[in-house]
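Here the structure is laid out as structure tokens; the discussion comes afterwards.
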Amino acid sequence: MQMSAVRTAIAEAASAVVLPVDAVLTCTGYTPDSVNEPHFFCGEYSVEFDRAMRRGLDTVELTCRVLVGLGDDKNAQQVLDALLAGSGPASLKQAIEAAKGAPGEDALGGAADDLHVMRVQGYRWYEHQGAQYIGAEIIIKIIGKGD
């Protein structure tokens, strides 16, 4: 797998969410210098190589973050809760897993074999480039051919 392509495809998939407020979720496949909130981005990842012989399969655990501004702490948390829901128009899980493709198709437009949004963690205040946000981490398991 080429992680740049994987991260870009995940950010594209995440951008399909429809927020419960008059705003658009901005998304990047990399950790940005600054964010235009609300913002989703792909952060650090770990790779377990050679899960099958001859570079047949790698497993990646990708940590993504979503950050929401603090104009109103209650409304910000309601938006974040909608983004972290398991389903619904604002669900990042639903939007990202839609990029799996149909049964038998590669995920993320061919960038991976499969993916699964495993969990949400770290629901808390985040500081990014000196600004405070409410946010959380989304952990995605991705499998694909070793390169």
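Under 24 Å of direct C-alpha separation, and excluding same-chain neighbours fewer than eight residues apart, LYS100 reaches these lysines: LYS141, LYS145. Residues TYR126, TYR133, ranked from the fewest to the most other C-beta atoms within 10 Å, line up as TYR126, TYR133. What residues of region 26-64 lie in the reach of a label at LEU70, counting those whose backbone N is under 16 Å from a point 7 Å from the Cα along Cα→Cβ? What the label zone holds, given the 16 Å backbone N cut-off, is 35, 37-39. The modelled label-to-label distance between ASP147 and ALA102, using points 7 Å beyond Cα along the C-beta direction, is 2.7 nm.
Label separation (GLU12 vs TRP125): 3.8 nm, computed from points 7 Å beyond Cα along the C-beta direction.
Hull surface divided by four, with the convex hull built on the Cα atoms of region 3-144: how many nm²? Working shown, then result.
Working: hull surface 33.5 nm².
So the Cα hull casts an average projection of 8.4 nm².
Which net charge results for the neighbourhood of GLY71, defined as the other residues with beta-carbon distances under 13 angstrom from its beta-carbon, given Lys and Arg at +1 and Asp and Glu at -1? Walk me through the intermediate numbers first.
Numbers: positive: LYS74; negative: ASP22, GLU37, ASP72, ASP73.
Taking every Cβ under 13 Å from that of GLY71, the sum is -3.
Gain on full extension, evaluated as 0.36 nm per residue between GLN78 and GLU44 minus their Cα-Cα distance, stands at 9.6 nm.
Electrostatic tally near ASP147: other residues with Cβ closer than 13 Å to its Cβ, Lys and Arg +1, Asp and Glu -1, net 0. Once the Cα atoms of helix 3-14 and of the chain are each reduced to a long axis, what angle between those two axes, in degrees from 0 to 90 to the nearest 10, is obtained? With both axes taken from Cα atoms, the answer is about 50 degrees. Among the trypsin sites (Lys or Arg not before Pro) in region 1-76, those located in a DSSP loop and surrounded by at most 14 other Cβ atoms within 10 Å of their own Cβ are ARG54, ARG55.
Every number here is computed from the coordinates shown, using simple stated rules; none is lab data. Please read all numbers here as calculations on a predicted model, not as lab measurements. Note: ideal-geometry Cβ built from the backbone for every residue, glycine included; neighbour counts use all protein chains shown.
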